[in-house]
Amino acid sequence: MTDQHEAQHETADCTPECPVARTAAIIEGKWTTLIVRELLPGTKRFGEMQKALPGISPKVLTERLRMLEDQGLVARTVHPCVPPKTEYTLTPLGLELRGVIQAMAEYGMRLGNR
């Protein structure tokens, strides 16, 4: 099979059950991938992520973190103190996205400023 034929086969079978579609459904959107990128080095608090992601609203950050938590990619830990301290960490499943994020970064560098 040629590379072109394989590529056509892969895209022709992209139903909701296909692995690419399942992954895209989880990490789609500008903010979701950037949140994962920010959590790759380790645990962060909400405010740290908001500062690292200029332009994201608290509402969107909260929504995306909850979605990632529901998908089993992010773990949220609330420390009982005043004020409460909430930390977010990638789970082992979330850490598996490291290769995807790295591939996106490499592709983006190759694109340059097109």
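For the stretch 30-46, name all the residues that are within 24 Å of residue 79 (Cβ to Cβ) and within 8 Å of the chain's Cα centre (by Cα). Give the derivation first.
Here is the first cut: in the stretch 30-46, the ones within 24 Å of residue 79 (Cβ to Cβ) are 35-36, 38-46.
Hits for the stretch 30-46 are 35, 36.
Of 69, 87, 48, 28, all but one fail to be within 22 Å of residue 103 (Cα to Cα) and of a type in the set (Asp, Glu); the exception is 28.
Applying the set (1) in contact with a Phe, Trp or Tyr (Cβ under 9 Å, 6 or more places away or on another chain); (2) without any contact (Cβ under 8 Å) to a residue 40 or more places away in the chain; (3) surrounded by 11 or more Cβ atoms within 10 Å (Cβ to Cβ) to residue 58 leaves exactly one unmet item: (3). Modelled with pLDDT under 95, at negative phi and in a strand (DSSP E or B): which single residue out of 23, 86 fits that description? Exactly one residue qualifies, and that residue is 86.
Give the number of residues within the stretch 87-104 that are surrounded by 10 or more Cβ atoms within 10 Å (Cβ to Cβ) and either free of Cβ contacts under 8 Å to residues at least 12 places away in the same chain or of a type in the set (Lys, Arg) (or both).
At the first step, the residues of the stretch 87-104 found to be surrounded by 10 or more Cβ atoms within 10 Å (Cβ to Cβ) are 87-91, 93-98, 100-104.
With the extra rule that they be either free of Cβ contacts under 8 Å to residues at least 12 places away in the same chain or of a type in the set (Lys, Arg) (or both), the set shrinks to 96, 98, 102-103.
Here the count works out to 4.
Is it the case, given these coordinates, that residue 106 is in a helix (DSSP H, G or I), at pLDDT 95 or above and acidic (Asp, Glu)? The answer is no for residue 106. A single entry from 75, 52 fulfils the requirement of being over 19 Å from residue 105 (Cα atoms), in contact with a strand residue (DSSP E or B) (Cβ under 8 Å, 6 or more places away or on another chain) and either surrounded by 12 or more Cβ atoms within 10 Å (Cβ to Cβ) or modelled with pLDDT of 95 or more (or both): 75.
Within the stretch 21-51, the set of residues being farther than 18 Å from residue 95 by Cβ and in contact with a Leu (Cβ under 9 Å, 6 or more places away or on another chain) comprises 31, 46, 50.
The values are calculated or read from the model by the stated rules, or taken from the named source; none is laboratory data. The model shown is predicted, which means the values in this text are computed figures rather than measured ones. Positions of Cβ are backbone-derived with ideal geometry, glycine not excepted, and every protein chain shown enters the neighbour counts.
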